[in-house]
């Protein structure tokens, strides 16, 4: 009697992808690289009040600190935070793409694998930034909204969509609103008769997230109008080239024909072409699921290309997440091996596999390289923070630095200040005069200031945790 191997369904395959996604984050990225600038701010907001002086500005939202509360409530540190976020991102990947797998089966599984294999998903899966959880929440929300239109359990699907949109809008209100706007346009144009329920559920969820934003605006920022104008005061257009090179993990002065940049171009082109091919391949079927992914991604993509508030590629993570489903729909028939001639089917499938394999290798290398740079950058800050914390010896302290003040504040436990020691002529009063309460004062710079600087005569200590990673800590005379 022959034993039969169990048949793997798309739901089981999605679960396996989520597990592999978690394992890849551990192996390729790890959980030990130190806090980034924004991570320190979000972690501090989620922590107890003893971490003081890290400003919470109008452009941030409370959703991510709430996600970090289980870690900070237990006094967990860096590794605990990364492990918790790794767990959440892996579960989130499964939950986000599950409604799409119920609708589309294997094409949605391919889309989930494409997104999970990107270096942005690998690196930022365990990082305290809002873009990835917000993007996964939108994928989940649109998936359940589409499922509700062809499901007997509409109440559950609409409730799940509203909840997911609420999570997205609480984490990143403006991005969630833009993506819901694109989704609403597709609903109104393609599915006019069935659109009301999905629109109402999505609007309710987005409203919940924005209500949190409005309440915080009245409580801490002088009202919604003032918060809105302050948050967008620094937004200005930047060249697309900068965003492309950041996505390629390449220096900004690199040539356009360098391999890393070419791979980034190939990746973006593959996403666009496969999503477009999904429209062509399914023109006789229901195009609604494909147009939902494209329509949801389009407004956010346009906003960040025309008016980017930063050039970090993580801001486009929700775009890649929403395009993953139509991209998977476009790739599936190319891998399935259908067509008039066997030789043509084999060549086509082989070509697609080779291209995807090459892009995956580039993605893994980019994630590893980004993690290595983050580790090297954080190593000196972490060592400097330990030194300052030891010197402060439990006393209240202030630290001024020209590089990532929130990160150094988190590492040292001191209140931070932004001070450019290389150009400043006079120190702020809080650093130039000894405070009556015995607060210790420290200044940290990446280089020795030029002669005649206001720190001449201060005691200087060189911190070099690794060759080439250097910081200098300045302490005023007589502080000890």
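Would it be correct to say that residue 247 is in contact with a helix residue (DSSP H, G or I) (Cβ under 8 Å, 6 or more places away or on another chain) and at pLDDT 90 or above? Outline the logic, then answer.
On the way: in contact with a helix residue (DSSP H, G or I) (Cβ under 8 Å, 6 or more places away or on another chain): yes; at pLDDT 90 or above: yes.
So residue 247 passes the test.
Taking residue 102 as meeting all but one of (1) modelled with pLDDT under 95; (2) in a helix (DSSP H, G or I); (3) more than 30 Å from residue 292 (Cβ to Cβ), write down the number of the exception.
Of everything listed in (1) modelled with pLDDT under 95; (2) in a helix (DSSP H, G or I); (3) more than 30 Å from residue 292 (Cβ to Cβ), residue 102 misses just condition (3).
Testing residue 350 on (1) out of contact with any helix residue (DSSP H, G or I) (no Cβ under 9 Å at 6 or more places or on another chain); (2) surrounded by fewer than 15 Cβ atoms within 10 Å (Cβ to Cβ); (3) at pLDDT 90 or above, one condition comes back false. Which one is that?
Against the list (1) out of contact with any helix residue (DSSP H, G or I) (no Cβ under 9 Å at 6 or more places or on another chain); (2) surrounded by fewer than 15 Cβ atoms within 10 Å (Cβ to Cβ); (3) at pLDDT 90 or above, residue 350 comes up short only on (3).
Can you find a residue that is part of a helix (DSSP H, G or I), more than 20 Å from residue 319 (Cα to Cα) and in the same structural domain as residue 210 (by TED's automatic domain parsing) anywhere in segment 164-174? Full working, then the answer.
Here is the first cut: in segment 164-174, the residues part of a helix (DSSP H, G or I) are 164-171, 173-174.
From what's left, more than 20 Å from residue 319 (Cα to Cα): none.
Checking segment 164-174: not a single residue is part of a helix (DSSP H, G or I), more than 20 Å from residue 319 (Cα to Cα) and in the same structural domain as residue 210 (by TED's automatic domain parsing).
Does residue 364 satisfy being surrounded by 16 or more Cβ atoms within 10 Å (Cβ to Cβ), part of a helix (DSSP H, G or I) and not assigned by TED's automatic domain parsing to the domain that holds residue 136?
Working: surrounded by 16 or more Cβ atoms within 10 Å (Cβ to Cβ): yes; part of a helix (DSSP H, G or I): yes; not assigned by TED's automatic domain parsing to the domain that holds residue 136: yes.
Against the criterion (surrounded by 16 or more Cβ atoms within 10 Å (Cβ to Cβ), part of a helix (DSSP H, G or I) and not assigned by TED's automatic domain parsing to the domain that holds residue 136), residue 364 qualifies.
Can you tell me how many residues within segment 191-205 are within 17 Å of residue 295 (Cα to Cα), in a helix (DSSP H, G or I) and touching a helix residue (DSSP H, G or I) at 6+ places or on another chain (Cβ under 7 Å)?
The number of residues fulfilling the criteria is 4.
Has segment 149-162 got at least one residue that is surrounded by fewer than 23 Cβ atoms within 10 Å (Cβ to Cβ), free of Cβ contacts under 8 Å to residues at least 40 places away in the same chain and assigned to a helix (DSSP H, G or I)?
Among the residues of segment 149-162, at least one is surrounded by fewer than 23 Cβ atoms within 10 Å (Cβ to Cβ), free of Cβ contacts under 8 Å to residues at least 40 places away in the same chain and assigned to a helix (DSSP H, G or I), which makes the answer yes.
Any residue at all in segment 261-280 that's assigned to a loop (DSSP other than H, G, I, E, B) and at pLDDT 90 or above?
Residues of segment 261-280 that are assigned to a loop (DSSP other than H, G, I, E, B), as a first pass: none.
No, segment 261-280 contains no residue that is assigned to a loop (DSSP other than H, G, I, E, B) and at pLDDT 90 or above.
So which of 97, 87 is at pLDDT 95 or above and surrounded by fewer than 16 Cβ atoms within 10 Å (Cβ to Cβ)?
Values: 97 fails: surrounded by fewer than 16 Cβ atoms within 10 Å (Cβ to Cβ).
Answer to the selection: 87.
Hey, which of the strands (runs of 3 or more DSSP E) in segment 412-468, taking only ones fully inside, have at least 3 residues that are surrounded by fewer than 18 Cβ atoms within 10 Å (Cβ to Cβ)?
Ranges flagged: 459-466.
Can you name the condition, by its number, that residue 35 falls short on among (1) touching a helix residue (DSSP H, G or I) at 6+ places or on another chain (Cβ under 9 Å); (2) loosely packed, with under 14 Cβ neighbours inside 10 Å; (3) modelled with pLDDT under 95?
(2)
Checking the condition modelled with pLDDT under 90, under 26 Å from the mean Cα position of the chain (by Cα) and not assigned by TED's automatic domain parsing to the domain that holds residue 280, which residue from 437, 402 passes? Even if it seems obvious, please write down each step before you answer.
Working: 437 fails: under 26 Å from the mean Cα position of the chain (by Cα).
The conditions single out 402.
The values are calculated or read from the model by the stated rules, or taken from the named source; none is laboratory data. Note that the coordinates shown come from a computational prediction; the quantities given were computed from them, not determined experimentally. Note that we place each Cβ from the backbone using ideal geometry, even for glycine, and neighbour counts take in every protein chain shown.
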